[in-house]
Amino acid sequence: MNALLIQNIAAQIAQAEHILLLTDERIDGDTLGSTMGLFHTLTSFGKRVDVFSPKPLPKTFAYLPMIDVIRRDFDILAQPSIDLAIVCDCSDGAYLPSILAKMARKVPLISFDHHLTNPNYGTTNAVEPTAASTADVVWRFVKAAGYPVVPNAAQCFLTGIITDTQVFFSANTTNAAIEAAAELVKYGAKLQEIIRANYVNKSTNFLRIWGIALERLFIDSSFGGIATVVTRKDITDLGATPEEIESIAGVVSEFLNAVLDETHDIIVVYRETEDGAVKGSARARTKNVAEIAERLYGGGGHKFAAGFKVPNAQMEQTTDKTWKIRKT
C-alpha cells in the first residue's frame, strides 16, 4: 500500500463523523477479524462506528471481543449521520448494491481486500493480492496511519491472519503475515485462544465427514486435480451443524494440499448446500485456481486458494466413481 493511498484513507477517516463498517456476506475469520479489528482501532480514538453483517455470525467467533456490536437489522443502514462506509474482505462487491441502496444517502466506500479477483468497486480501494489476508492489509494500514493499537484490535487482526493462512499452513502464507502475527501477539493477541476456537474441539460428526471426504477422492478432469464431495445426504445422516459443514471444505482442501505428493497440484472439495447449490473450495501449490474457478463457475479468490458456487445444482456420481455437477 503506497503512502498516498494511506494518506487518502486516513484523511477520509479523520473527516468522517459516523463510520459504517461492513463485513462480507461470506462470513469467515478474515472478514470478521479485519472488520472488528478496525472497529476497535477506530473507537479507541473516539470515532463513532457501527458494524453491519448481512448474514448470521458463526458461533466459532464468539470469542472475538465485543462481537455483539455487529448488527443485522437494516435500520442501522438508514441513519442519515453515516458519512463513510468501509467494507473488509469482500472480493467482488456483488451483494453491496442492495445494501448500500438502503442507506439514507450515498457515501464514499473504502474497500480493504486481498483477493486477486477484486474489480476495485470501491470509491477508494486498498486491494493487495499478494497479502496473506485482508486483516494483514488493514493491520499494515493501521500501523502506517499511526493509529493506537489496543489488545482487542490485535486479537481480531490475528484471527484474520491465522484463519486465512490455516495457522501458516497454506500456500498463501507470507513472511509479512508471520511478522504481523508476532507483532500482534506483542500487542496482546492470544494465539492459543484463536487456535482452540477455530481448529480443535471438533465433534465426532465433523471427524466422520472427514472420513467420507477422504474415502471419495477422485480425479477431477475439470480442474485437472484431485477432488472429493460432501453431499446433503451425508450432512443429514451425520447430523452435522451448519458451522461444521461451512468449515469442512476449506479445512479438508488445505489438509490434502499439504499432505498429497507433488504429482497433485490442485485439490477441490465440492459440497451441496441447504439452498440447493453446490459450493467448491479449491487449493493449489503452483497453478492459478482463481482463474480456473472464474472460468468454469464464475468464482474467484486468491491465486492458490479460490471458491465458487453453482446455484440450482447437485453432485452426481458417474459410473466410473467420479463426480460431476448436475444442474437441477
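The values are calculated or read from the model by the stated rules, or taken from the named source; none is laboratory data. If you're wondering where the values come from, they're calculated on a predicted model, not measured in any experiment. Counting neighbours? That spans all protein chains shown, and the Cβs are built from the backbone with ideal geometry, glycine included.
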- Query: Of ILE82, ILE27, ILE76, which residue is aliphatic (A, V, I, L, M), closer than 23 Å to ILE245 by Cβ and either at pLDDT 95 or above or surrounded by 15 or more Cβ atoms within 10 Å (Cβ to Cβ) (or both)?
  - Reply: ILE27
- Query: Filtering the range 175-205 down to residues that are basic (Lys, Arg) and assigned to a helix (DSSP H, G or I), which residue is surrounded by the fewest Cβ atoms within 10 Å (Cβ to Cβ)?
  - Reply: LYS186
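Okay, residues lined up against (1) aliphatic (A, V, I, L, M); (2) more than 22 Å from THR134 (Cβ to Cβ); (3) touching a Gly at 6+ places or on another chain (Cβ under 6 Å):
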position	(1), (2), (3)
LEU32	yes, no, no
MET36	yes, no, no
GLY46	no, yes, no
LEU57	yes, no, no
TYR63	no, no, no
ILE70	yes, no, no
ASP89	no, no, no
SER98	no, no, no
LYS102	no, yes, no
- Message: For the range 222-246, which positions are out of contact with any strand residue (DSSP E or B) (no Cβ under 6 Å at 6 or more places or on another chain) and either surrounded by 18 or more Cβ atoms within 10 Å (Cβ to Cβ) or part of a helix (DSSP H, G or I) (or both)?
- Response: LYS233, ASP234, ILE235, THR236, ASP237, LEU238, ALA240, PRO242, GLU243, GLU244, ILE245, GLU246
- Item | Complete set of residues in the range 1-34 that are under 19 Å from GLN166 (Cα atoms) and not in a loop (DSSP other than H, G, I, E, B) | GLY29, ASP30, THR31, LEU32, GLY33, SER34
